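Q: Got a structure for you, written out below as structure tokens; questions coming shortly.
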Amino acid sequence: MVDISSGTKLGRYEIRSKLGEGGMGEVYLAQDTQLDRVVALKVLPAEIASDQQRLHRFLQEARAASKLKGANVAHIYEIGEGRGLRFIAMEYVEGQPLNEKIKGRQMPAAEITRIAVQMARALEEAHSKGVTHRDIKPQNVIVSRESEVKVLDFGLAKLDAIPAATNDTPESELATRVKTSPGVVMGTVNYMSPEQAMGKEVDQRTDIFSLGVVLYEMATGRVPFSGSSLTQTIDRIVHAQPEAVARLNYDIPAELEVIIKKALRKDRDERYQTAREMLVDLKALQRELDVTSHLEHSASPDSRSSLIPEAALLPSGEQPTSILTAERQTESTSETTATRTNVSSAEYIFTEIKRHKRGAALALAALVIAAGAFALIWYKFIRQSKATASEHQMKITRLVTGLTGRPGSVSISPDGKYVAYALYDAGKVGLWVRQVSQDTSVQIVPPAEEAWISGTTFSPDGELIYFVMGNNKTNTLSSLYQIPVLGGREPKKILDNLSFAISFSPDSKQFVFARSYESTGETALFIANTDGSGEPRKLVSRQGNDWIPGGFAWSPDGKRIAFIAATTTGGASNMLVEIAAEGGQERLITDHKWTNAVFRVLWVENGRGLIVNGMERSDDPVQIWHISYPDGEVKRVTNDLNDYGGASLGVTADSSTIATILSEWSSRIWLAAPNDDESHAKRITNGKQDGIWGCSFERSRSRPMLSPTVGPKCRPTDAT
């Protein structure tokens with residue numbers, strides 16, 4: 001290889017600096033002097049550039065890869081020649097290579113899934129256009145500061161293709177072929193599929209296996225197959241089974257381990273057959289983790305990302321949790337009781353105790369209906385009273401008890417007579433309606449396996465319920481369905497490819513909905529006719545670092561639509577924006593920004609305000625907010641340590657009653673020896689949220705003390 005000095009020009013590209021090198025050539029940072037952009041320039045090794053057969057094969061592959069335009073693929077701009085050197089001009093991606101991000105550590109499930117979804121999306125596009133990567137590994141994945149993933153080197157790996165073998169080729173010879181192939185190093189072999197390591201013909205399923213290896217490494221901190229030599233590594237790839245993920249990282253959800261196992265099947269006919277299949281499963285898990293992260297809080301911030309998506313109903317009593325001391329991780333317990341807890345004078349509706357796989361975080365989830373004094377608070381906001389709302393003024397009334405399963409997607413009918421909710425239980429989800437006055441519930445949609453419901457909406461006349469539902473089992477995207485408020489017939493499909501609950505125009509003739517496009521990364525709001533006539537009209541869209549995460553509402557006067565606009569440009573933020581129903585210029589309703597998330601947007605009866613639920617910062621609970629209109633003054637309706645809703649938020653037509661899910665979490669600190677049985681643990685605090693932000697040991701002159709590491713809820717405590 002020949003170093004190229006800074007300032008050297010290859011065609012229209014001026015070299016700035018060397019970025020690195022590998023078996024497939026040297027990589028330089030360069031300036032495109034014609035288009036005034038920074039690119040990565042990969043200069044091919046002389047042995048490839050001079051081999052006409054290999055060069056021709058490479059050029060064919062690179063031309064195919066240059067057609068990939070997805071958001072998660074580093075794009076190929078040009079294949080060129082200059083100063084007698086062959087090079088490829090590619091998109092320069094700033095960020096951290098995934099191998100540096102892993103560095104032998106076990107990553108949280110939510111982060112693993114977020115990265116895996118984007119990698120699978122890149123493979124889906126490539127495979128659909130006939131391009132197989134052949135060299136999927138962490139070194140070829142860049143993660144930006146905004147958590148955007150880019151997969152590098154599509155179309156380049158065939159440069160180092162291993163000579164083909166037959167079924168009669170001895171394994172010793174196969175290992176030799178791999179070992180002597182140009183550019184093949186230990187780090188690459190670890191991620192090879194069995195068929196690739198044996199020198200056989202490969203197809204897109206080899207990339208799926210390699211992605212499974214990357215997921216395994218993110219989950220456990222190590223690769224599933226490794227040996228002291230190339231030959232031993234290849235032998236293990238072909239014959240050995242990896243150690244179970246759960247034995248190495250107990251915090252990984254079982255669903256993620258199932259995905260990894262299926263991707264790592266030795267027989268490629270037993271693996272995921274397409275990247276699309278794997279993507280569907282990953283996205284379903286991502287949804288579950290997102291929902292769970294908003295419904296649950298663990299005893300420390302570090303364990304929040306490792307909550308399992310499906311609840312396990314626990315008896316009252318003590319369960320183990322982890323606290324981080326100054327010396328080592330030890331076991332303590334967090335406790336809850338089956339007796340009712342008073343939170344803002346709340347009486348709980350659904351009582352559901354969720355657990356960490358270690359039994360860490362205990363939370364009480366409740367579907368609540370806020371009325372009475374709450375209405376007074378609301379009208380004080382509307383009339384711009386100087387009185388300050390307090391959670392003690394709210395009356396939160398119990399609606400349902402004795403429920404098994406996890407509720408979600410709550411909404412309330414315009415007249416307040418019915419509350420609709422999804423119920424997740426034993427891997428299935430169904431739709432229920434609660435008749436408020438009669439204290440009875442009716443199942444209107446039977447439970448479906450491997451399905452999800454991502455939003456419910458009552459029609460303005462209260463006669464119908466519209467819900468968005470998807471099903472992994474049938475490999476379908478989310479669709480909009482309609483059913484009478486008390487059921488009685490099969491749901492009627494209205495529209496495909498929706499991503500959130502809809503919002504009706506005041507006259508019920510139209511509704512607004514959200515749709516996302518995986519191939520382009522675009523999210524958009526559309527307006528459709530309720531009777532199904534005509535094509536939906538695109539109202540507004542976002543792409544790249546900007547998107548519409550969900551949360552939108554049609555105003556009572558029918559003139560405008562309020563929606564949440566999210567961006568990572570200049571830092572993550574969610575803003576409340578409006579646009580005329582006929583289209584036009586957008587307007588910021590308030591300067592207030594929610595850094596983490598806003599879930600649902602609802603108008604107040606007379607259009608003089610909106611209510612939203614969201615998280616102002618990542619460590620905050622989900623709270624309810626009121627925004628006056630049109631001046632955009634923001635006030636909290638709730639201000640406590642409970643979670644309110646997520647996608648579950650509904651308001652009656654007269655704005656007097658709100659339905660949502662209330663989640664409460666609590667923890668107490670227990671002390672035990674590192675290897676002692678939990679039954680010997682000693683409780684050392686009696687508070688409700690002791691150590692919720694994490695604690696560490698502090699040794700004073702006289703005795704050890706537990707002191708807060710972060711947050712206000714961990715006070716110095718005698719640990720003797």
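The values are calculated or read from the model by the stated rules, or taken from the named source; none is laboratory data. None of the values given here were measured: they were computed from a predicted structure. Every residue, glycine as well, gets a Cβ built from its backbone with ideal geometry; the counts of neighbours run over all protein chains shown.
Q: Name the residues in the range 436-472 that are surrounded by fewer than 16 Cβ atoms within 10 Å (Cβ to Cβ), among the hydroxyl-bearing types (Ser, Thr, Tyr) and part of a loop (DSSP other than H, G, I, E, B), would you?
A: Selection gives Ser437 alone.
Q: Then there is this: Failed condition for Gly532, given (1) exposed (fewer than 14 other Cβ atoms within 10 Å of the Cβ); (2) over 20 Å from Phe467 (Cα atoms); (3) of a type outside the set (A, V, I, L, M, F, W, C), with all others met?
A: Of (1) exposed (fewer than 14 other Cβ atoms within 10 Å of the Cβ); (2) over 20 Å from Phe467 (Cα atoms); (3) of a type outside the set (A, V, I, L, M, F, W, C), only one is false for Gly532: (2).
Q: Also, I was wondering about something else. Give the residues of the range 516-533 that are of a type in the set (Asp, Glu) and under 14 Å from Gly70 (Cα atoms), sorted by residue number.
A: Across the range 516-533, the qualifying residues are Glu518, Glu522.
Q: Which residues, taken from the range 487-519, are among the β-branched types (Val, Ile, Thr) and within 23 Å of Trp432 (Cβ to Cβ)?
A: Taking the range 487-519 and keeping what is among the β-branched types (Val, Ile, Thr), we get 494, 502, 512.
Within the range 487-519, Ile494, Ile502 qualify.
Q: Please pick out the residue among Ser679, Ser648, Ser618 that is outside any loop (DSSP other than H, G, I, E, B) and either modelled with pLDDT under 70 or in the same structural domain as Val436 (by TED's automatic domain parsing) (or both).
A: Ser679
Q: Also, quick follow-up: For the range 540-547, check the following and say yes or no: at least one residue is surrounded by fewer than 18 Cβ atoms within 10 Å (Cβ to Cβ), touching a strand residue (DSSP E or B) at 6+ places or on another chain (Cβ under 8 Å) and touching a residue at least 60 places away in the same chain (Cβ under 8 Å).
A: Yes, because at least one residue in the range 540-547 is surrounded by fewer than 18 Cβ atoms within 10 Å (Cβ to Cβ), touching a strand residue (DSSP E or B) at 6+ places or on another chain (Cβ under 8 Å) and touching a residue at least 60 places away in the same chain (Cβ under 8 Å).
Q: Could you list all residues from the range 622-645 that are in contact (Cβ under 8 Å) with a residue 40 or more places away in the chain, part of a strand (DSSP E or B) and not small (Gly, Ala, Ser)?
A: Matches in the range 622-645: His626, Ile627, Val634, Lys635, Arg636, Asp643.
Q: Just to verify a result, which residue in the range 59-95, among those that are acidic (Asp, Glu) and more than 17 Å from Val38 (Cα to Cα), is modelled with the lowest pLDDT?
A: Selected residue: Glu61.
Q: Still on this structure, I have one more. Residues of the range 483-513 being in contact with a strand residue (DSSP E or B) (Cβ under 6 Å, 6 or more places away or on another chain) and within 21 Å of Gly558 (Cβ to Cβ), which ones?
A: Residues satisfying the conditions are Ile494, Leu495, Phe500, Ala501, Ile502, Ser503, Phe504, Ser505, Gln510, Phe511, Val512, Phe513.
Q: Listed residues Val540, Val604, Val598; which is in contact with a Ser or Thr (Cβ under 8 Å, 6 or more places away or on another chain) and aliphatic (A, V, I, L, M)?
A: Step by step, each of Val540, Val604, Val598 is checked, and only Val604 is in contact with a Ser or Thr (Cβ under 8 Å, 6 or more places away or on another chain) and aliphatic (A, V, I, L, M).
Q: Tell me whether the range 69-85 contains one or more residues that are surrounded by 16 or more Cβ atoms within 10 Å (Cβ to Cβ), without any contact (Cβ under 8 Å) to a residue 60 or more places away in the chain, among the small types (Gly, Ala, Ser) and not assigned by TED's automatic domain parsing to the domain that holds Asp153.
A: No, there is no match, as no residue in the range 69-85 is surrounded by 16 or more Cβ atoms within 10 Å (Cβ to Cβ), without any contact (Cβ under 8 Å) to a residue 60 or more places away in the chain, among the small types (Gly, Ala, Ser) and not assigned by TED's automatic domain parsing to the domain that holds Asp153.
Q: Continuing with this model, one more query. Taking the options Ser516, Ser459, name whichever one is more than 30 Å from Val73 (Cα to Cα), of a type in the set (S, T, N, Q) and not assigned by TED's automatic domain parsing to the domain that holds Ile259.
A: Working: Ser516 fails: more than 30 Å from Val73 (Cα to Cα).
Answer to the selection: Ser459.
Q: Checking Leu498 against (1) part of a loop (DSSP other than H, G, I, E, B); (2) in contact with a Pro (Cβ under 7 Å, 6 or more places away or on another chain), which single condition isn't satisfied?
A: Status for Leu498: all satisfied but (2).
Q: Confirm whether Gly427 is at pLDDT below 90 and under 21 Å from Phe511 (Cβ atoms).
A: Answer is no for this residue.
Q: Could you tell me which of the residues Ile102, Ile112 is in contact with an Asp or Glu (Cβ under 7 Å, 6 or more places away or on another chain) and either hydrophobic (A, V, I, L, M, F, W, C) or not assigned by TED's automatic domain parsing to the domain that holds Val131 (or both)?
A: Working: Ile112 fails: in contact with an Asp or Glu (Cβ under 7 Å, 6 or more places away or on another chain).
Answer to the selection: Ile102.
Q: Still on this structure, I have one more. Mind checking which residues of the range 536-572 are out of contact with any Gly (no Cβ under 9 Å at 6 or more places or on another chain) and among the aromatic types (Phe, Trp, Tyr)?
A: Listed by number, the residues that qualify are Phe552, Trp554.
Q: Applying the selection to the range 651-666, what residues are small (Gly, Ala, Ser) and outside any loop (DSSP other than H, G, I, E, B)?
A: If the condition is that a residue be small (Gly, Ala, Ser) and outside any loop (DSSP other than H, G, I, E, B), then Ala659, Ser663, Ser666 are the ones that fit.
Q: Restricting to the range 218-245, give me the number of residues that are assigned to a helix (DSSP H, G or I) and either assigned by TED's automatic domain parsing to the domain that holds Ala426 or touching a helix residue (DSSP H, G or I) at 6+ places or on another chain (Cβ under 6 Å) (or both).
A: Going through the range 218-245 one residue at a time, the tally reaches 10.
Q: Hey, can you tell me all the residues within the range 90-114 that are assigned to a helix (DSSP H, G or I), within 19 Å of Val223 (Cβ to Cβ) and not polar (S, T, N, Q)?
A: Result: Leu98, Glu100, Lys101, Ile102, Ala109, Glu111, Ile112.
Q: Condition (residue is buried (at least 16 other Cβ atoms within 10 Å of the Cβ) and in contact with a Pro (Cβ under 8 Å, 6 or more places away or on another chain)) applied to the range 87-97: is it met by at least one residue?
A: yes
Q: Right, something else. Could you say whether any residue in the range 584-606 is charged (D, E, K, R), in a strand (DSSP E or B) and either over 18 Å from the mean Cα position of the chain (by Cα) or farther than 25 Å from Leu498 by Cβ (or both)?
A: There is at least one residue in the range 584-606 that is charged (D, E, K, R), in a strand (DSSP E or B) and either over 18 Å from the mean Cα position of the chain (by Cα) or farther than 25 Å from Leu498 by Cβ (or both).
Q: Has the range 34-53 got any residue that is farther than 16 Å from Lys150 by Cβ, in contact with a Phe, Trp or Tyr (Cβ under 6 Å, 6 or more places away or on another chain), surrounded by 15 or more Cβ atoms within 10 Å (Cβ to Cβ) and not assigned by TED's automatic domain parsing to the domain that holds Gly221?
A: yes
Q: Continuing with the same structure: When you go through (1) modelled with pLDDT of 85 or more; (2) farther than 17 Å from Phe154 by Cα; (3) surrounded by fewer than 18 Cβ atoms within 10 Å (Cβ to Cβ) one by one for Tyr28, which number turns out not to apply?
A: (3)
Q: Among the listed residues Gly550, Gly558, Gly570, which satisfies the condition of being modelled with pLDDT under 90 and either touching an Asp or Glu at 6+ places or on another chain (Cβ under 9 Å) or over 20 Å from Ala647 (Cα atoms) (or both)?
A: Testing whether each residue is modelled with pLDDT under 90 and either touching an Asp or Glu at 6+ places or on another chain (Cβ under 9 Å) or over 20 Å from Ala647 (Cα atoms) (or both) leaves just Gly570.
Q: Is the range 35-55 home to any residue that is farther than 30 Å from Ala246 by Cα, in contact with a strand residue (DSSP E or B) (Cβ under 6 Å, 6 or more places away or on another chain) and assigned to a helix (DSSP H, G or I)?
A: Yes: one or more hits.
Q: Residues that are under 17 Å from Met218 (Cβ atoms) and over 14 Å from the mean Cα position of the chain (by Cα): does the range 274-282 have at least one?
A: Within the range 274-282, one or more residues are under 17 Å from Met218 (Cβ atoms) and over 14 Å from the mean Cα position of the chain (by Cα).
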